[in-house]
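Note sheet for the following structure.
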Amino acid sequence: MPEAAGGFPRAVLFDLDGTLLDSAPDMLATANDMRAARGLLPLALAQLRPVVSKGARAMLGVAFPQWDAAERDTHVPEFLQRYEALIGRHAVLFDGVEAMLRTLEDAGTRWGIVTNKPEYLARLILPQLDWEARCAVLIGGDSLPERKPHPLPLQVACERMGVAVGDTVYVGDDERDILAARAAGMPSVAALWGYRLDEDDPLSWQADRMIEQPFALCAPEAWPATPAA
């Protein structure tokens, strides 16, 4: 595989929700559909947004705090079904994401997605963003026997792209992303523009870099060093 130009990594893997895609408005619509079906008033975006990267169970915990963990589990299929029906209707890319991806592509960097979202849902998003030919690999939370924070999804993504783990950088907005990268032996970037709880401390994640906005990653010096850069 050719090296990337200008000091950019040879390959980059991204988390999806909270890193590339601001999917919180879609998630809010889904949760509020469920609440409306039960005669409950809608949530505000600020209530749900911090837990979007934590997954459906965490969002159900906010939307229905009266449910215990077992009851939340039983309603995950309903949440995913309602979400599938409206996926992409309200979601948008974070400011600067498209410019960042174009910069990477122009430098010869290949990029892909490793998400804990079910793969069938993540694949619905690619054509909406015209990413089908641009995204080199996509691995979802149900694609393999393990999911983040286990390193397997990152390792398999690199295998499928034909690039060494150490020549790849992972970018994500949740501690699980950074833990997965570290376990895989992959440099990491903490995306501080994503979804976090007030008590989350990105400094404690010990990512190789912490970046405030996607635009910053248009500069090669913003990326952690890799052998091929």
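No value in this document is a laboratory result; all are computed from the given coordinates. Remember, it's a predicted structure, so these values are computed and weren't measured experimentally. FYI the Cβ positions are ideal-geometry reconstructions off the backbone, even for glycines, and counts take in every protein chain you see.
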Calculate the dipole size of segment 24-86 relative to its Cα centre from +1 charges on Lys and Arg beta carbons and -1 charges on Asp and Glu beta carbons; express the result in debye to the nearest 20.
180
Length released on extending from Leu45 to Asp200, taking residue separation times 0.36 nm less the Cα-Cα span:
53.9 nm
Ordering of 216-225, 144-153 by packing [mean C-beta count within 10 Å, highest first]
144-153, 216-225
Calculate the spin-label point distance for Ala225 paired with Arg102, positioning each point 7 Å from the Cα along the beta-carbon direction, and give it in nanometres.
3.1
Quote the charge dipole size of the chain about the Cα centre in Debye, to the nearest 20; the model charges only the Cβ of Lys and Arg (+1) and of Asp and Glu (-1).
340
Relative to the present Cα-Cα distance, how much length would full extension add between Glu71 and Glu159 at 0.36 nm per residue of separation?
27.9 nm
Among beta bridges assigned by DSSP with both residues in segment 1-151, the antiparallel ones amount in percent, to the nearest 5, to 20
Considering only DSSP states other than H, G, I, E and B, which trypsin sites (Lys or Arg not before Pro) in segment 104-142 qualify as loop sites with at most 16 other Cβ atoms within 10 Å?
Arg134
Any idea what the relative contact order of the chain is, in percent, if you count C-alpha pairs under 8 Å spaced at least 6 apart?
28
Sorted by mean Cβ packing within 10 Å, highest first, what order do the peptides 164-172, 63-71 take?
164-172, 63-71
What share of all Cα pairs of segment 24-86, in percent, falls into each consecutive 10 Å distance bin?
24, 64, 12
